[in-house]
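> A single structure is presented below for examination.
The values are calculated or read from the model by the stated rules, or taken from the named source; none is laboratory data. The model shown is predicted, which means the values in this text are computed figures rather than measured ones. All Cβ positions, even for glycine, are placed from backbone atoms using ideal geometry, and neighbour counts span all protein chains on display.
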Amino acid sequence: MSVGLLALLDDVAALARVAAASLDDVAAQAGKAGTKALGIVIDDAAVTPRYVVGFAAARELPIVWRIAVGSLKNKLLFLLPGALLLSYAVPWVITPLLMLGGLYLCYEGAEKILHAVMPAPAHAEAETAAPSQDAKVLEDQRVRGAIQTDFILSAEVMALTLASLTTDSTVTRAAILAIVGIGVTLLVYGVVALIVKADDAGVALAANDRPASTLLGLRAGSPGAAATGADRALRPATQGLGRALVVGMPYFLSGLAILGTAAMLWVGGGILLHGLEHFGVTAPAHLVHEAAKAAAAAVPSLAGAAEWLATAILSGLGGLVVGGLTIPVVQFVLAPATRRIRALFGPSEPAAARR
């Protein structure tokens with residue numbers, strides 16, 4: 001009996017080791033896949049705060065929450081089952097879809113640069129006209145537009161994740177896709193929530209003359225109470241931090257937007273390079289690889305960083321060229337065709353805020 005019990009315990013321990021190894025493998029693959037989507041994550045975090053511009057401070061976090069819930073639905077209810085179905089029914093279509101997403105990223109990045117260089121007056125008119133609309137209608141339009149944009153970016157995240165997986169297990173694939181989807185959503189919209197409330201926090205800190213007594217505003221102080229010595233000692237630092245947040249957030253958002261645009265071009269260009277390589281067109285990827293090796297050789301002490309930077313820059317430049325070539329196709333071919341198709345099915349809804 002004791003021998004049977006020991007054998008059972010040994011089997012349980014073996015199963016536990018297998019389960020732990022499987023969990024480690026899922027976590028490792030999820031982490032690796034998540035880093036490949038970093039450029040899309042940065043861009044999403046840079047873009048989303050714009051959807052709460054013009055609303056009362058009390059509506060900012062609820063709007064971010066609504067967009068985050070919509071993003072989770074996009075990933076878990078639609079894209080995850082779709083990705084698994086495609087990977088088993090028509091696995092050859094994953095690379096073309098990934099390249100299509102990369103082309104979209106290049107187009108978006110190039111269009112943002114074009115609008116920065118030559119801003120369109122229509123955008124400014126739309127932004128000034130927006131506040132006159134009913135707040136609830138405008139909020140619903142903004143949320144719907146954000147979720148629609150998120151669907152495209154989420155599809156790219158899930159496609160990148162799926163393309164990087166090395167397991168054939170359906171359960172493992174589903175678990176990794178779910179972990180990456182949830183993790184990316186929490187990261188993006190957690191950062192967005194911090195960004196959109198940073199200026200409010202800055203105003204509160206700058207106006208608080210009793211930071212120690214009120215725990216930086218987290219608890220209500222006694223009305224009319226005098227500042228303590230700790231308050232007087234801490235006040236210059238907290239008020240200075242508050243003023244820095246208020247003044248610095250616009251610059252931070254501008255820098256984040258620039259970084260997001262660069263990341264889109266770098267990620268999109270890299271996807272296209274790898275996709276072309278998959279279909280036998282190896283010359284562009286080989287050229288980038290050789291240039292990156294040359295950069296690493298030129299700076300031996302920082303070889304890894306130099307190689308990565310050269311790859312990112314060249315991939316981004318390639319993405320900018322491809323995206324620039326795509327702009328006229330979208331504006332003069334795809335956009336008119338889309339308008340004609342929509343006209344056939346009746347009047348379209350008011351356009352949500354554009355990115």
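> Does GLN148 satisfy being touching a residue at least 60 places away in the same chain (Cβ under 8 Å) and within 17 Å of LEU79 (Cα to Cα)?
Details: touching a residue at least 60 places away in the same chain (Cβ under 8 Å): yes; within 17 Å of LEU79 (Cα to Cα): yes.
Against the criterion (touching a residue at least 60 places away in the same chain (Cβ under 8 Å) and within 17 Å of LEU79 (Cα to Cα)), GLN148 qualifies.
To keep it simple, each residue is scored yes or no on (1) of a type in the set (Phe, Trp, Tyr); (2) modelled with pLDDT under 90; (3) over 24 Å from THR166 (Cβ atoms).
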{"site": "VAL69", "(1), (2), (3)": "no, no, yes"}
{"site": "LEU72", "(1), (2), (3)": "no, no, yes"}
{"site": "LEU85", "(1), (2), (3)": "no, no, no"}
{"site": "PRO91", "(1), (2), (3)": "no, yes, no"}
{"site": "PRO96", "(1), (2), (3)": "no, no, no"}
{"site": "LEU114", "(1), (2), (3)": "no, no, yes"}
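> Suppose we keep only residues that are among the aliphatic types (A, V, I, L, M) and at pLDDT 85 or above within the stretch 143-156. Which one would you say is surrounded by the most Cβ atoms within 10 Å (Cβ to Cβ)?
Once the filter is applied, the top-ranked residue is ALA146.
> Turning to a different aspect of this structure: What helices (runs of 4 or more DSSP H) completely inside the stretch 252-347 contain at least 2 residues that are surrounded by 14 or more Cβ atoms within 10 Å (Cβ to Cβ) and of a type in the set (Ser, Thr, Tyr)?
Output list reads 303-329.
> Same structure, new question: When you scan the stretch 205-250, how many residues do you find that are under 30 Å from ALA46 (Cα atoms) and assigned to a loop (DSSP other than H, G, I, E, B)?
Result for the stretch 205-250: 4.
> So how many residues does the stretch 220-239 have that are among the basic types (Lys, Arg) and within 16 Å of VAL203 (Cα to Cα)?
1
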